[in-house]
Amino acid sequence: CASLLMALIIVTGKNPYVGGQAIYQKSVNMQKLPADACQISNLIADTRAEGETALAVMPEDLVGYVRQYDASIRLLYGRRSKSEKPVRKIRRQMRKEQPKIKKLIRRIRQQGVNYLVFLADEQQDAKIQRNGFEKIGKVGGYSVYKGKSMEFYMKRISIWKTENVIKD
């Protein structure tokens, strides 16, 4: 093994383990998982209320890693899982380059999802926040959102009702 490494250094002139152009990078955690997946998992765990179950939707490239890092975070779908039609529709929206945010959020709300991890995009960010999710952080190229509680919606309905009361 050592002789193979020496031959590689002699042929290429570069050490594959050191430098900015390194082929291999030292893992930052014991599980040898991508740092983004670990940081997203930690962010969700830190913002979860006591006794709250985290049910998340995220891009498929993170799903397996998040599941390995923190099994307490429930995921709506797995990497190669067979799922029901409503979940397949959510998955399809998550795969799109420009998903329909209102439709996506309506569907994930129906499934009880309270965390959304989405590719960071300013336009999509504003739409997601307008539709009831609060941005709790940004990790790498991903934005992490938490669904606003039912109390938030009840206040909005109450305000709307008082503002739109028909006076005789």
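The values are calculated or read from the model by the stated rules, or taken from the named source; none is laboratory data. Keep in mind that this is a model prediction, so the values were computed, not measured. Cβ coordinates were reconstructed from backbone atoms using ideal geometry, including for glycine residues, and neighbour counts include every protein chain displayed. The accessibility values were calculated without ligands, DNA or RNA, using every heavy atom of the protein model including side chains. Shrake-Rupley method; radii C 1.70, N 1.55, O 1.52, S 1.80 Å.
General remarks:
- Whichever residue in segment 154-165 is surrounded by fewer than 12 Cβ atoms within 10 Å (Cβ to Cβ) and not polar (S, T, N, Q) and, among such residues, is modelled with the highest pLDDT: Glu163
- Picking from residues in segment 116-139 that are part of a strand (DSSP E or B) and open to solvent by 70 Å² or more (accessible area, probe 1.4 Å), the one that is modelled with the lowest pLDDT is Leu119.
- Where a residue in segment 29-40 is closer than 9 Å to Val66 by Cβ and its partner, wherever it lies, is at pLDDT 85 or above and β-branched (Val, Ile, Thr), with Cβ under 7 Å and at least six apart: Ala37/Val66; Ile40/Val66; Ile40/Val117; Ile40/Val139; Ile40/Val144
- Note on segment 45-58: residues that are surrounded by 13 or more Cβ atoms within 10 Å (Cβ to Cβ) and farther than 14 Å from Val113 by Cα amount to 2.
- Here Asp36 meets each of (1) assigned to a helix (DSSP H, G or I); (2) acidic (Asp, Glu); (3) surrounded by fewer than 12 Cβ atoms within 10 Å (Cβ to Cβ) with one exception, condition (3).
- Selected residue (only one of Val113, Val87 is within 25 Å of Ser41 (Cβ to Cβ), in a loop (DSSP other than H, G, I, E, B) and touching a residue at least 24 places away in the same chain (Cβ under 8 Å)): Val113
- Qualifying residue in segment 67-90 (condition: polar (S, T, N, Q), open to solvent by less than 60 Å² (accessible area, probe 1.4 Å) and in contact with a Gly (Cβ under 9 Å, 6 or more places away or on another chain)): no
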